[in-house]
Structure formats: C-alpha cells, structure tokens
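Here's the structure we're looking at; comments come further down.
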Amino acid sequence: LNSYMLFRFCPGCGISQSETAFNEDAQKFRCPDCEFELYRNTATTSSMILRCGEQFLFSVRANEPSRGFLDFPGGFVDPGESIEEAFVREMDEELGWCPEDFQYAFSSPNIYLYQGVTYHTSDVFYYAEVAEKPDVNAADDVADLRWLSLSDIHDEDLAFASMKLAVDQLREIFGVP
C-alpha cells in the first residue's frame, strides 16, 4: 500500500481528496485545492556490523516486519538525532553494549513494509571489530543474538534486501564465496 493512499482528506485544507488527485509523484503530495505540499522523505537507520575473528554478530528480529529473520543490530534514527547518536542509542537498547571504536562502512537503500505501508529507508552500516566477543544481551526488539560466519548465512534467512547487499559486500571484502 502506498502511504499516500492513506490520506482521505488534505492535511492543509481538510477537503476530501480522490486517490489520484493528491498523489502527484512518488515523493510529494500536492493538494489541487489549497496547493498544500507534503514531502515523503526517506527514513534513516543506523546498524552495526560487529566482527570477532571470522564471525559476525547478527540479531534475530522479535517483531514484524521480518520477525524471526536475521538482521544487524540497529534501528531508526529519531528526529533531532545524528546517525552516530542513533547508533550508540540502538546498541545500548538492543545489546546493552556499544563499541568504543566504530567507523562508517557503507549505506544501502531499502524498503521497509510495516503494517501495510511501504517506507523507503537509507540503511547506514557502521563496522567495528573486537578481539573478544563482548558480553551482549538481546533486548528491546531483538529476540536472540547469533555469532555466525559469512559462509553460514543464507540469503533467505536475511530480514531485508539491504541485509543481503551488506552480507554480499562483506563476502567480497573478506573473500568468502
């Protein structure tokens, strides 16, 4: 379901809108009566790729979408928060731990289907490496944590398309078929 279709009345003037009159394009609504404009911007997420030896830390999603599938720990950036601040907050919420040193790895576009509405996201991945596995605990919206090698990961077990792209990039970087 396109989230634009959820509007039955213009948020600016309150006049009833047909499904086609309010949907100007994929990024903007424009009311033909009052010319109110509403932009649909991409949401941002911040996630951690944590490596210890040949294994990477994966979370198992506790909630929909993709409940029970593998993900990297992380979540959405809140309004007024930098991506780095979101990273630290999400690691604390989901793991009770955050690495002292982490660096930007890459980003990937994604589609996040939640309660019948499609959200476009830009998923930002940070990378950290540790010599010993930290004491982490699944919390918040994480059902479980798993340390897995890249060769143990199957595409059909990954929660989102951006996860597949991330794992593919890691396989290329670390020379794993």
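The values are calculated or read from the model by the stated rules, or taken from the named source; none is laboratory data. From a predicted model like this one, the values you see are computed outputs, not experimental measurements. Using ideal geometry, Cβ is built from the backbone for each residue, glycine included, and neighbour counts are taken over all protein chains shown. Calculation scope for accessible area: heavy atoms of the full protein, side chains included, ligands and nucleic acids excluded. Shrake-Rupley method; radii C 1.70, N 1.55, O 1.52, S 1.80 Å.
Which of the residues that make up the range 135-153 are among the β-branched types (V, I, T) and not in a strand (DSSP E or B)? Correct list: V136, I153. Of all residue pairs spaced 6 or more apart or on separate chains, those with beta-carbon atoms under 9 Å, a first member in the range 86-115 that is at positive phi and a second member that is part of a loop (DSSP other than H, G, I, E, B) are G96/D135; G96/V136; G96/N137; G96/A139; Q115/E64; Q115/P65. Considering (1) at pLDDT below 95; (2) surrounded by 16 or more Cβ atoms within 10 Å (Cβ to Cβ); (3) more than 16 Å from R61 (Cα to Cα), the lone condition that F87 does not fulfil carries the number (1). Each residue in the range 98-108 was checked for being surrounded by 16 or more Cβ atoms within 10 Å (Cβ to Cβ) and assigned to a loop (DSSP other than H, G, I, E, B), and 3 of them qualify. Against the numbered list (1) part of a helix (DSSP H, G or I); (2) within 18 Å of T44 (Cα to Cα); (3) open to solvent by 60 Å² or more (accessible area, probe 1.4 Å), Y119 comes up short only at (1).
Of all residues in the range 159-177, those satisfying the criterion of being of a type outside the set (V, I, T), outside any loop (DSSP other than H, G, I, E, B), open to solvent by 60 Å² or more (accessible area, probe 1.4 Å) and over 13 Å from D71 (Cα atoms) are Q169, E172, F174.
Any residue that is part of a strand (DSSP E or B), under 23 Å from L165 (Cα atoms), β-branched (V, I, T) and open to solvent by 30 Å² or more (accessible area, probe 1.4 Å) - is there at least one of those in the range 68-78? No: zero hits. Between a first residue in the range 163-176 that is β-branched (V, I, T) and a second residue that is open to solvent by less than 60 Å² (accessible area, probe 1.4 Å), which pairs have beta carbons less than 6 Å apart while being 6 or more apart in sequence or on different chains? These pairs meet every condition: V167/I153; V176/L150. List the number of the failed condition for L113; all other conditions in (1) open to solvent by 50 Å² or more (accessible area, probe 1.4 Å); (2) modelled with pLDDT of 95 or more hold. Evaluating L113 over (1) open to solvent by 50 Å² or more (accessible area, probe 1.4 Å); (2) modelled with pLDDT of 95 or more leaves (2) as the failure. Annotation note: of E156, E132, the sole residue that is of a type outside the set (A, V, I, L, M), open to solvent by 20 Å² or more (accessible area, probe 1.4 Å), over 16 Å from S47 (Cβ atoms) and in a loop (DSSP other than H, G, I, E, B) is E132.
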